[in-house]
1. Being of a type outside the set (Lys, Arg), surrounded by fewer than 24 Cβ atoms within 10 Å (Cβ to Cβ) and touching a Leu at 6+ places or on another chain (Cβ under 8 Å) is the filter; apply it to the range 82-103 and report the residue that is nearest to Ala12 (Cα to Cα).
2. What tally of residues in the range 260-272 results from selecting those that are under 15 Å from Glu231 (Cα atoms) and either touching a residue at least 60 places away in the same chain (Cβ under 8 Å) or in a loop (DSSP other than H, G, I, E, B) (or both)?
3. Only one of these is over 26 Å from Ala17 (Cα atoms) and either open to solvent by 70 Å² or more (accessible area, probe 1.4 Å) or part of a helix (DSSP H, G or I) (or both): Ile243, Ile230. Name it.
4. Of the residues Ala139, Ala213, which single one is assigned to a helix (DSSP H, G or I), in contact with a Ser or Thr (Cβ under 6 Å, 6 or more places away or on another chain) and in contact (Cβ under 8 Å) with a residue 24 or more places away in the chain?
5. State all residues of the range 117-135 that are open to solvent by less than 20 Å² (accessible area, probe 1.4 Å), of a type outside the set (Gly, Ala, Ser) and more than 10 Å from the ligand (Cβ to nearest atom); if no residue qualifies, say none.
6. Can you report the number of residues in the range 111-151 which are closer than 20 Å to Leu70 by Cα and in contact with a strand residue (DSSP E or B) (Cβ under 9 Å, 6 or more places away or on another chain)?
Amino acid sequence: MTGNPAAASANAEQIEAWNGVVGAKWVANQDRLDRVLAPFGRAILEAAAPKPGEHALDIGCGCGATTLELARQVGREGRVMGIDISGPMVARARDRAGMLGLSPVFEVADASSYPFEPGSFDLLMSRFGVMFFDNPPSAFANLRRGMKPGARLAFICWRALGENDWVKVPLAAALAHVQPPAPTPPGTPGPFAFADRSHVLSILERAGFSSIAIEPFDAPMAIGTPEGGIEEALTQSIEIGPIARLIADAPEDVRARARDAVREALLKHRTESGIALGGAAWIVTARA
Ligand SMILES: C[S@@+](CC[C@H](N)C(=O)[O-])C[C@H]1O[C@@H](n2cnc3c(N)ncnc32)[C@H](O)[C@@H]1O
């Protein structure tokens, strides 16, 4: 670990969350989340196009699914670093790398201020790990300093909540029973901070990136397998993400009613291959 990330004031709220309840939920549900996010991981790896021998960084690498795939693709002559503020999630990533005989380097540190070796990376990549910075232009400028001139940046981030049925549908059902969240200004750190295309463009331009492309990518989020069924989908919807925060402090009877309403809403999306709702993301690519 580089210093004590929790002691830094920048991103303190995120550091606390990802080292606390939120990070613990991601570790507990790692298999399931990797399965649900797999189409988005494949899409961003395809856009990133890692090559044998390259030096690559996975930003907000979490439990390491994409870091391990990067390590496979750059091969033995390449090098990969995964960076994340979450100690528990990186511990899981290290365990997985050990089991697979892969050796990416993992750092538990804040990517917005980490002293990367200047001009060292060929590729920076992220699956949903770059929307949590307090000061995104400054964070991306720091990341860019670690890149070789002309090196590639490729990340995937969520479009607006209203376009993402996997959150919109269960959230609408829960809101019949619990208070809506306090409104926050657009761009507030969190899953939907990069929903606005022009906001993302402006961040990357201010950080000095060029050749910026921002393209929509849509794929189903298979939140319940045929075997796991509705209970699996319900766990996914209620325990992780915006609804978890919304109902965390509600009395038990209110939580139970919200859960029933979410169950009913999700059942309408049952297919032969399980419960799946639409996910809508941006694939963002740029050059240092
Ligand atoms: C939605 S999760 C995605 C995790 C992983 N990329 C995946 O796809 O499974 C977001 C990740 O970003 C990490 N994160 C948030 N802010 C960060 C920061 N400032 N520096 C490094 N990692 C950060 C969180 O700890 C978390 O692991």
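The values are calculated or read from the model by the stated rules, or taken from the named source; none is laboratory data. Fair warning: this is a prediction, and the values are worked out from it, not measured in the lab. Cβ: placed from backbone, ideal geometry, glycine included. Neighbour counts: every protein chain shown. Heads up: the accessible areas ignore ligands, DNA and RNA and are worked out on the full protein's heavy atoms, side chains in. Shrake-Rupley method; radii C 1.70, N 1.55, O 1.52, S 1.80 Å.
1. Here the answer is Ala97.
2. 7
3. Numbers: Ile243 fails: over 26 Å from Ala17 (Cα atoms).
None of the other options fit; the residue is Ile230.
4. Ala139
5. Selection gives Phe121, Leu123, Leu124.
6. Just the residues of the range 111-151 that are closer than 20 Å to Leu70 by Cα, to begin with: 111, 116-117, 119-130, 143-144, 146-148, 150-151.
Those still in the list that are in contact with a strand residue (DSSP E or B) (Cβ under 9 Å, 6 or more places away or on another chain) too: 111, 116, 119-130, 143-144, 146-148, 150-151.
Residues meeting the conditions: 21.
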